[in-house]
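The values are calculated or read from the model by the stated rules, or taken from the named source; none is laboratory data. Since we're looking at a predicted model, the values are computed, not measured. Reconstructed Cβ throughout: ideal geometry from the backbone, glycine too, with neighbour counts over all protein chains shown. The protein model used for the area step is the full one, side chains on, heavy atoms only, and it has no ligands, DNA or RNA in it. Shrake-Rupley method; radii C 1.70, N 1.55, O 1.52, S 1.80 Å.
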Amino acid sequence: MIIMKKSFLKGFLLILFSSTCFACTNGIENLVDAGTPVVDSPAGLIDDIKASSNLLGWGNIGDTTIRVKADKDVLPALTGKKVDLTAITSNLEGGFRMISVGGSLSAGFRDGGLYREGQLTAFPNLIARQMNIPFYQPLFDANEGNGSGYKTLAGTEPIASFKMVTNNLGYVDGKAEKLKKFSGNNLDSYAFPGMTPWLRISVSDKMGRKFSDRIFNNTQDNFNFNNEQLNNQSPDFFIYETGYDDIIRSIMAGGGGGITGSDPTAETGGTILINNLVNSKAKGVLLNVPDAMDLPYFNQITNDKISKLTGVVIRVQSRIGSENYRDFNPAIDKLIPTLTVEKLMKGDFKGLVPLSIYDVLSKEDGNNEWIAVSPIYYNQSNTQRIAKAKGLPVVDIYTLYKKIFAGTYSTDDGIKVDANWKTGNFFSADGIYPTAFGQAVIANEVIKTINQYYKLTIPLVDTRFFLKK
């Protein structure tokens with residue numbers, strides 16, 4: 001039998017894994033009735049959602065109901081103050097327009113899903129509000145305000161457990177594979193979970209297709225992102241963020257694939273789009289990619305916890321399809337939260353425990369998977385290179401995240417940012433994507449970069465308002 005290389009097959013299979021995450025939300029008894037009635041979902045739909053999204057199924061200990069919040073309870077009131085945007089306006093006679101192109105982070109994905117509250121507190125929308133400009137998002141309607149469904153934190157030991165919010169969802173005909181189409185006529189936010197630097201969605205990426213199909217008619221066999229529609233946009237300003245979802249998917253697949261699956265210096269749909277936008281006189285800003293290996297979700301299974309497991313001997317598969325296993329080595333091996341690892345940490349296994357290569361991220365000689373999931377080369381050869389060539393500033397959220405993990409970052413309005421995902425400060429309970437407060441922190445970093453580079457005076461977001469949102 002031919003043994004396929006681990007890196008190749010992992011890169012092929014990682015698209016089967018969804019880059020979902022979870023966040024902590026108060027129970028229904030702690031929420032004010034927003035006026036939107038609770039609409040329960042059929043049991044079959046809930047089961048299908050969990051089955052089609054591995055992380056919405058893993059660690060799940062039940063379901064819960066949470067009312068959709070009123071928008072006024074999610075966002076602060078607008079000040080109405082005008083901001084001089086002349087320096088970044090290409091058409092002085094028309095109304096100013098900003099677009100956002102990106103992945104989960106830009107879309108406001110959090111708590112294991114995409115839903116109205118997360119969309120409203122996405123950093124591009126917060127920036128638009130500070131600019132006092134309209135910004136049209138593909139929002140879920142209020143009656144379907146819980147969108148794709150999301151999770152609440154139920155416990156953290158020995159591994160995270162959750163409950164899924166199952167009411168007021170936005171699926172079509174009670175089926176998990178299709179979300180209701182966005183019905184609006186205007187759109188400025190072209191960001192959704194699963195979007196890559198190639199601006200396309202694989203035919204096998206069912207999670208990405210759910211969200212992209214809400215706003216695009218993906219008629220191609222490989223479900224390419226509709227670059228024609230994007231390249232026909234003529235905004236005054238754009239925010240571009242990609243690559244983060246790629247790394248997270250890669251880690252969840254045990255290290256296969258890397259950030260883009262190919263040379264990051266290659267011309268992608270994203271680089272073509274940026275070139276076209278700059279040629280059309282649009283100004284913009286690019287975001288680089290944080291180091292996802294620092295994320296709390298991927299660091300919850302510590303060596304200390306593993307050492308306390310009794311009656312088990314952990315073995316690691318040497319390569320894909322192989323029947324050979326080696327001893328687990330805590331110096332080079334990192335357990336990834338998977339269904340098997342969840343059972344291991346809960347004590348469901350005894351004796352010899354063979355782990356698949358998809359359960360482990362290894363620094364093994366000759367196949368160091370940590371290199372594949374590092375954003376350093378991508379940030380330098382892709383983001384920074386393009387920015388320099390096109391005269392665009394880069395928002396360094398790679399360094400921002402490093403400071404937050406080091407405990408050395410405070411907001412401009414005096415709040416120390418905490419990376420402990422259990423507290424719900426910067427990270428939601430998923431330990432991957434930020435809370436509303438975290439989005440406000442990122443929004444301010446973008447605003448500061450814009451102000452410095454383009455000599456503007458856009459006011460910063462009041463992060464304190466979002467601290468417990």
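Numbers for the structure displayed
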| quantity | calculated |
| --- | --- |
| Residue, surrounded by the most Cβ atoms within 10 Å (Cβ to Cβ), within the stretch 459-469, restricted to residues that are in a loop (DSSP other than H, G, I, E, B) and in contact (Cβ under 8 Å) with a residue 60 or more places away in the chain | Val461 |
| Any pair with Cβ under 7 angstrom, 6 or more apart, that starts in the stretch 324-341 at a residue that is surrounded by fewer than 19 Cβ atoms within 10 Å (Cβ to Cβ) and ends at one that is assigned to a helix (DSSP H, G or I) and among the polar types (S, T, N, Q) | Pro330/Asn303 |
| Wholly within the stretch 203-261, helices (runs of 4 or more DSSP H) carrying at least 2 residues that are more than 14 Å from Pro193 (Cβ to Cβ) and modelled with pLDDT of 75 or more | 227-231, 244-252 |
| Residues that are touching a residue at least 24 places away in the same chain (Cβ under 8 Å), more than 19 Å from Val395 (Cα to Cα) and either open to solvent by 30 Å² or more (accessible area, probe 1.4 Å) or in contact with a Lys or Arg (Cβ under 8 Å, 6 or more places away or on another chain) (or both), drawn from the stretch 266-292 | Gly269, Ile272, Asn276, Ser280, Lys281 |
| Some residue of the stretch 124-139 being touching a helix residue (DSSP H, G or I) at 6+ places or on another chain (Cβ under 8 Å) and closer than 19 Å to Gly431 by Cβ | no |
| Qualifying residue in the stretch 143-155 (condition: more than 23 Å from Gly62 (Cα to Cα) and either touching a residue at least 24 places away in the same chain (Cβ under 8 Å) or touching a Lys or Arg at 6+ places or on another chain (Cβ under 7 Å) (or both)) | no |
| Subset of the stretch 404-458 (residues that are open to solvent by less than 30 Å² (accessible area, probe 1.4 Å) and among the charged types (D, E, K, R)) | Asp430 |
| Residue in the stretch 78-97 that is without any contact (Cβ under 8 Å) to a residue 40 or more places away in the chain and under 29 Å from Ala429 (Cα atoms) present | no |
| Criterion (of a type in the set (Asp, Glu) and not in a helix (DSSP H, G or I)) met by exactly one of Glu117, Glu177 | Glu177 |
| Enumeration of residues in the stretch 28-81 that are modelled with pLDDT of 90 or more and within 30 Å of Gln452 (Cα to Cα) | Val74, Leu75, Pro76, Ala77 |
| Of all residues making up the stretch 76-111, the number that are farther than 25 Å from Leu286 by Cβ and in contact with a helix residue (DSSP H, G or I) (Cβ under 6 Å, 6 or more places away or on another chain) | 1 |
| Asp71 being within 23 Å of the chain's Cα centre (by Cα) and farther than 30 Å from Val446 by Cβ | no |
| Thr399 vs. criteria without any contact (Cβ under 8 Å) to a residue 12 or more places away in the chain and not in a helix (DSSP H, G or I) | no |
| Test: Pro296 is surrounded by fewer than 24 Cβ atoms within 10 Å (Cβ to Cβ), modelled with pLDDT under 95 and under 24 Å from Ala122 (Cβ atoms) | yes |
